[in-house]
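Beneath this line is the structure, given in structure tokens, with notes to follow.
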Amino acid sequence: MSGKKSRDKGARREREFSKLIDGVKTPLSGAVEGFPNDVHGLGLEWEVKARKDGFKTLYDWVLDEREKPDALALKVDRKPWLVVMTLDKFMEVLNDGEIPKDSI
């Protein structure tokens, strides 16, 4: 994919995600001083990544039909824990009050 196509795809995904969470897409994120992240929303700063098939294993683990996990916890040596879940599950957790929206 050419540089322009890749940038356009990234910008489309940022706008799409921003709408899904009622957030605000940062103008020229990462390219302009003072705008380090892609989207602001739900009290969080989001970096949005999109790949044609680069996250296949993550999707396989999170969407595993046999185990149906709510979330996936990832850990690399000497790095902090990461949590991956579907946006639907994340919004459900926020809306059920399990994580107070104000505290995020």
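Conditions tested, residue by residue: (1) at pLDDT 90 or above; (2) of a type in the set (A, V, I, L, M, F, W, C).
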{"residue": "ALA31", "(1), (2)": "no, yes"}
{"residue": "ALA50", "(1), (2)": "no, yes"}
{"residue": "GLY54", "(1), (2)": "no, no"}
{"residue": "LEU58", "(1), (2)": "yes, yes"}
{"residue": "GLU65", "(1), (2)": "no, no"}
{"residue": "ASN95", "(1), (2)": "no, no"}
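Here ASP88 fulfils each of the conditions (1) farther than 28 Å from LYS5 by Cβ; (2) of a type in the set (D, E, K, R); (3) surrounded by 10 or more Cβ atoms within 10 Å (Cβ to Cβ); (4) modelled with pLDDT of 90 or more apart from (3). Looking only at residues in the range 44-76 that are closer than 25 Å to GLU14 by Cβ, part of a loop (DSSP other than H, G, I, E, B) and among the hydrophobic types (A, V, I, L, M, F, W, C), the one that is nearest to the chain's Cα centre (by Cα) is VAL48. Just one residue in the set LYS79, LYS19, LYS9 is assigned to a helix (DSSP H, G or I) and open to solvent by 60 Å² or more (accessible area, probe 1.4 Å); that residue is LYS19.
Residues in the range 43-52: is at least one open to solvent by less than 50 Å² (accessible area, probe 1.4 Å), touching a residue at least 40 places away in the same chain (Cβ under 8 Å) and touching a helix residue (DSSP H, G or I) at 6+ places or on another chain (Cβ under 7 Å)? Yes: the range 43-52 contains one or more residues that are open to solvent by less than 50 Å² (accessible area, probe 1.4 Å), touching a residue at least 40 places away in the same chain (Cβ under 8 Å) and touching a helix residue (DSSP H, G or I) at 6+ places or on another chain (Cβ under 7 Å). Cβ separations smaller than 8 Å between residues 6+ apart or across chains give the following pairs from the range 69-84 residues that are touching a residue at least 24 places away in the same chain (Cβ under 8 Å) to residues that are open to solvent by less than 60 Å² (accessible area, probe 1.4 Å) and assigned to a strand (DSSP E or B): VAL84/LEU72; VAL84/LEU74.
So VAL39 passes all but one of these: (1) open to solvent by 90 Å² or more (accessible area, probe 1.4 Å); (2) modelled with pLDDT of 85 or more. Which condition number does it fail? Unmet for VAL39, out of (1) open to solvent by 90 Å² or more (accessible area, probe 1.4 Å); (2) modelled with pLDDT of 85 or more: (1). Do we find that ASP102 is part of a helix (DSSP H, G or I), loosely packed, with under 13 Cβ neighbours inside 10 Å and modelled with pLDDT under 85 in this structure? Yes; evaluated as a whole, the condition is true for this residue. Of the residues making up the range 3-21, those that are modelled with pLDDT under 90 and not small (Gly, Ala, Ser) are LYS4, LYS5, ARG7, ASP8, LYS9.
The values are calculated or read from the model by the stated rules, or taken from the named source; none is laboratory data. Fair warning: this is a prediction, and the values are worked out from it, not measured in the lab. Quick reminder, even Gly has a Cβ in these numbers, built from the backbone with ideal geometry, and neighbours come from all protein chains shown. These accessible areas exclude ligands, DNA and RNA; they are computed on the full protein's heavy atoms, side chains included. Shrake-Rupley method; radii C 1.70, N 1.55, O 1.52, S 1.80 Å.
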